[in-house]
């Protein structure tokens, strides 16, 4: 007995295999690599919803079936009412949307509301060059993530113009408002050697912030695609700061006309600033001399304010008070601890449990290689084995996505 075929309008297994092969070729992957990539994406999305991959797949299949039934009902209504105009069908999730690029189009209020919300969120934008101008660029998957977040639900209670987003299809429709109103457009990396007769160089180093992009006529909404912002948002802050700078420049030009008291005050402030700068240089020279002396007497050397020149905040630059110089083994150990914490967080997120060890927990930091505790000017020394002078200062690090 033959098995029943797929419903009318749905792709056959052979067509699905061809679609997968085309999509893998588009991404520069083999079919097994693309299937592994899809499995990883499914596991990640399922972990966010506290679901198993099988449950997540069943949910997506049910959504696709419901969308297909809605389209069938719309087609039946169109056939039952042939005299009326053809209503616009909802866009399928895998269909490419051809959007005409018209710079004179008027932005819809709903599109402006979505653009304002996404611009206020951290989409981890990257700077690119579009039509000779620097623009911000973001990935579609980050926009989807923000539209499914709790912050968007709270924003909808304040702004009724924001569309409702419960499913992936509604998220696609919300993002689709951006190119329709010319607020954001899909772009791709531009080949600087396109149209030239010479051969392409083997490898070029891309300069950060100088990635030139070109406009794509097919405004699709795949998670890994890039969109460039044309919507700049409100410019009142920029105008305000420009006015403040203009007032300060004008006031500096009129310095000879200031009252004597104000000019004396500026002189005292300048002398105090120069004194602070001189004190800073003196401290930097003293800490270097101290390190050189302790390097030969008590290896690996002692640093006063070890985070003074690190990329941290102002107050964190002076914490801790002192610390021993880090060696290659210490840096390697810190990287291993960081990987272990990331793996533990990922395992806890996949299991729906809170991680047992947090980054800010000082009691969970790993001990040095020979069993001594970290000592600094702001922490008490807790002996836990043979005494050791060398211990690197503990500085909190933020994990990037």
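The values are calculated or read from the model by the stated rules, or taken from the named source; none is laboratory data. The structure displayed is predicted, hence computed values, not measured ones. For neighbour counting, all protein chains shown are included, and Cβ atoms are generated from backbone atoms with ideal geometry for every residue, glycine included.
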Of all residues in segment 37-76, count the ones that are within 23 Å of the chain's Cα centre (by Cα) and closer than 19 Å to residue 223 by Cα.
13
Just to be sure, is residue 221 free of Cβ contacts under 8 Å to residues at least 60 places away in the same chain and touching a helix residue (DSSP H, G or I) at 6+ places or on another chain (Cβ under 8 Å)?
no
Considering only residues that are part of a loop (DSSP other than H, G, I, E, B) and loosely packed, with under 14 Cβ neighbours inside 10 Å, which ones fall in segment 34-66?
49, 50, 52
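For every residue, the table says whether it meets (1) modelled with pLDDT of 90 or more; (2) in contact with a strand residue (DSSP E or B) (Cβ under 8 Å, 6 or more places away or on another chain).
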residue: 195; (1), (2): no, no
residue: 220; (1), (2): no, yes
residue: 253; (1), (2): yes, no
residue: 263; (1), (2): yes, no
residue: 269; (1), (2): yes, no
residue: 277; (1), (2): yes, no
residue: 281; (1), (2): yes, no
